[in-house]
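What follows is a short report on a single structure.
The values are calculated or read from the model by the stated rules, or taken from the named source; none is laboratory data. Quantities reported herein were computed from a predicted structural model and do not represent experimental measurements. Note that we place each Cβ from the backbone using ideal geometry, even for glycine, and neighbour counts take in every protein chain shown. These area figures cover heavy atoms from the full protein model, side chains too; ligands, DNA and RNA do not enter into them. Shrake-Rupley method; radii C 1.70, N 1.55, O 1.52, S 1.80 Å.
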Amino acid sequence: MGMGGLRAVPEILASYSKHYWKEELTANIRRACVEAGGPVDVLHLFAKRSDPQLRSWSYRTLAEIGPAAYDVLPTLIDNLRSEESWDQVGALQVITRLGAIAKDSVPLMIECFARPTQSAAAMTAVISIGPSAIPLLTEALSHENWAVRFGSAYCLGRSGEAGAGVVGHLQPLLEDETLSVRIEAANAVRLLGNPEVALEVFRAALQPMLGETTTTLQY
């Protein structure tokens, strides 16, 4: 296809009917873009088009290109502020593949923990950032929104050896007012090498349910 042909992709795809997106040729064009490492600037413009299918295709292609698509990070960060789920999902998809070089996106991704439709993707993306996300995640453990506290504990629990020093910061969440936060904080502590502490929290959380089960069995 060549670089010149790749640059014509926006108009080529935009000219086809919606059923065309289900056909193999779009996958072939994506593979050609990935192999060429671009053209990132054209794919970047694609991601701003009004057609959601075209935007979705562009984000997926940029994600497969990986770190070479770093130049689009400012747009991805703006997308995290968007109310459009297409843009949020696309941004998180690409950031996950960018990895540590996308660390500037961490503050907004942490806020995405509070969005039910984006939280799982946001947590996956933050984990991909690696150790540089740990200070902001640690700070977010005291966030007023329980979902942000939950997501931060979840990510810290999966930070590996780099997160060993945050166990003390997770301790207050073991008594959080929200049960799911307490359990996830305990799980994070367990993953970071303190299973005994976690076991006590799990036991306390399960005790009321075990009591109800015992009562039911008596009847």
Query raised in the report: Does Arg158 qualify as being in contact (Cβ under 8 Å) with a residue 24 or more places away in the chain, more than 27 Å from Gly193 (Cα to Cα) and either open to solvent by less than 70 Å² (accessible area, probe 1.4 Å) or of a type in the set (Lys, Arg) (or both)?
Result: no
**Report entry** Boolean, Ala120 is open to solvent by less than 60 Å² (accessible area, probe 1.4 Å), in a helix (DSSP H, G or I), aliphatic (A, V, I, L, M) and without any contact (Cβ under 8 Å) to a residue 40 or more places away in the chain
**Finding:** no
Query raised in the report: Is it the case that segment 21-31 has a residue that's at pLDDT 80 or above, in contact with an Asp or Glu (Cβ under 6 Å, 6 or more places away or on another chain) and either farther than 21 Å from Val89 by Cα or open to solvent by less than 60 Å² (accessible area, probe 1.4 Å) (or both)?
Result: no
Query - Unmet criterion (only one of (1) out of contact with any Cys (no Cβ under 7 Å at 6 or more places or on another chain); (2) open to solvent by 10 Å² or more (accessible area, probe 1.4 Å)) for Val106 - result: (2)
Query raised in the report: Hey, any hits in segment 123-130 for a residue that's outside any helix (DSSP H, G or I) and either in contact with a Lys or Arg (Cβ under 8 Å, 6 or more places away or on another chain) or surrounded by fewer than 19 Cβ atoms within 10 Å (Cβ to Cβ) (or both)?
Result: yes
Query raised in the report: Is there any pair linking a residue in segment 165-191 that is of a type in the set (S, T, N, Q) and assigned to a loop (DSSP other than H, G, I, E, B) to one that is at pLDDT 90 or above and open to solvent by 60 Å² or more (accessible area, probe 1.4 Å), with Cβ under 6 Å and at least six apart or on different chains, and which?
Result: Thr178/Trp146
**Report entry** Whichever residue in segment 108-125 is of a type outside the set (Gly, Ala, Ser) and under 18 Å from Arg97 (Cα atoms) and, among such residues, is modelled with the lowest pLDDT
**Finding:** Gln118
Query raised in the report: Which of the helices (runs of 4 or more DSSP H) contained wholly in segment 25-88 include at least 1 residues that are closer than 23 Å to Lys103 by Cβ and small (Gly, Ala, Ser)?
Result: 52-65
Query raised in the report: Quick check: anything in segment 69-81 in contact with a Lys or Arg (Cβ under 7 Å, 6 or more places away or on another chain) and either open to solvent by 70 Å² or more (accessible area, probe 1.4 Å) or among the hydrophobic types (A, V, I, L, M, F, W, C) (or both)?
Result: no
